[in-house]
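The values are calculated or read from the model by the stated rules, or taken from the named source; none is laboratory data. These numbers come from a predicted model, not from an experiment. We place every Cβ from the backbone using ideal geometry, glycine too, and count neighbours over all the protein chains shown.
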Amino acid sequence: MPQDADASYKLLFSAPEVVRDLVLGFIPDEWLHSLDYSTLEKMPGSYVTDDFRHRADDVVWRVRAGGEWVYLYLLIEFQSKNDPWMAVRIMTYMGLLYQDLIRAKQVLPGKKLPPVLPIVLYNGERKWTAATNITDLIPKAPGLVAQYLPQLQYLLIEHNQYSSEQLGKISNLVAAIMAFEQPESEQALLDLIDQLRLWLADNPELERTFAFWIRAVLLRQKRQDLVLPKVQDLKELKMTLAHRLDQWEQAYEERGLQKGLQKGLQKGESDFLRRLLVHRFGPLPKELLARMNQASSEQLALWGLRVLDARSLDEVFGA
């Protein structure tokens, strides 16, 4: 994912409400849905390995599960392109996360490690084709070696697998994020902004974050050569965007009118030339009629001048 887009996604998923809606709306699991997401805590997602190399994954959260001493960690990675080695990256990130928890003495009683759910959010246009389990990247081995091959799977959530109808039924913050990536129409964008304003009426900070993110998405998509000033909230964004949409619609109508007038003038010129030619040379072949219908105004004018002196159709339509 491009750096600016990656940063905007991290900003969105730094809000506990967005992470909660991701789990409740897009991960069908009763146990996960039973957790108390008011206990969500954002964790550092940047680590230093034992050989002092710096590594970072995208977003890490923890949520209390089954008591004060048990935590489920959510490791969320964002992707806009297929990465054939994503399973290796996820395995590395999980190892670094566990190392960091051990250093910080945040392990469970009995020196146990907390469970981690690795999630990859993919918003690319093409279907995800990379392996979701590292086992699929390693050829099968015979005998004893087969017992020691690593196994690690991540949960893949693909934006492009959800239709606008499905997203409408889910109706939460993450569904809105996906809908903004692939809106059905310009009006749908405005409707989505209204819906977000309603949901986030009591959360101005998250509303402002969404306004920044939506603007970044629209500019990245270069919709209609869109130019949007910086905005502070969704109301301001909607007003600005609605004004731009009105300008696009007016320009579109003007272009359509000009095109219609030009087409009408060309048809009139073609009909007049056809009558002159029939008067001079009799009925015209179908191929010549088709050629006249496709000709430009300049070409029709040239043929019209030739009619005055031409002794045959070949002299009119010749090179």
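Some observations on this one:
- Candidates 150, 183, 115, filtered to the one that is of a type outside the set (Asp, Glu) and either on the phi > 0 side of the Ramachandran plot or more than 31 Å from the chain's Cα centre (by Cα) (or both): 150
- All conditions in (1) over 18 Å from residue 19 (Cβ atoms); (2) modelled with pLDDT of 85 or more hold for residue 219, with the sole exception of (2).
- Condition broken by residue 94, with the remaining ones in (1) under 19 Å from residue 13 (Cα atoms); (2) loosely packed, with under 15 Cβ neighbours inside 10 Å; (3) at pLDDT 90 or above satisfied: (2)
- All conditions in (1) over 22 Å from residue 15 (Cα atoms); (2) modelled with pLDDT under 75; (3) surrounded by 13 or more Cβ atoms within 10 Å (Cβ to Cβ) hold for residue 188, with the sole exception of (2).
- Within region 1-49, the set of residues being at pLDDT 90 or above, of a type in the set (Ser, Thr, Tyr) and assigned to a helix (DSSP H, G or I) comprises 37, 38, 39.
- Region 66-90: number of residues that are surrounded by fewer than 18 Cβ atoms within 10 Å (Cβ to Cβ) and of a type in the set (A, V, I, L, M): 2
- The listed residue being of a type in the set (Val, Ile, Thr) and in contact with a Phe, Trp or Tyr (Cβ under 8 Å, 6 or more places away or on another chain), out of 70, 145, 60: 60
- Of the helices (runs of 4 or more DSSP H) lying entirely inside region 105-214, those carrying at least 1 residues that are among the aliphatic types (A, V, I, L, M) and touching a residue at least 60 places away in the same chain (Cβ under 8 Å) are 164-170, 173-181.
- Qualifying residue in region 230-237 (condition: assigned to a helix (DSSP H, G or I), touching a Ser or Thr at 6+ places or on another chain (Cβ under 6 Å) and modelled with pLDDT under 80): no
- Matching option when the condition is touching a helix residue (DSSP H, G or I) at 6+ places or on another chain (Cβ under 7 Å) and modelled with pLDDT of 80 or more, among 196, 226: 196
- Being of a type outside the set (Lys, Arg), touching a residue at least 40 places away in the same chain (Cβ under 8 Å) and within 23 Å of residue 27 (Cβ to Cβ) is a description that applies to residue 97.
- When residue 145 is tested against (1) at pLDDT 90 or above; (2) surrounded by 13 or more Cβ atoms within 10 Å (Cβ to Cβ); (3) not charged (D, E, K, R), exactly one condition is not met: (2).
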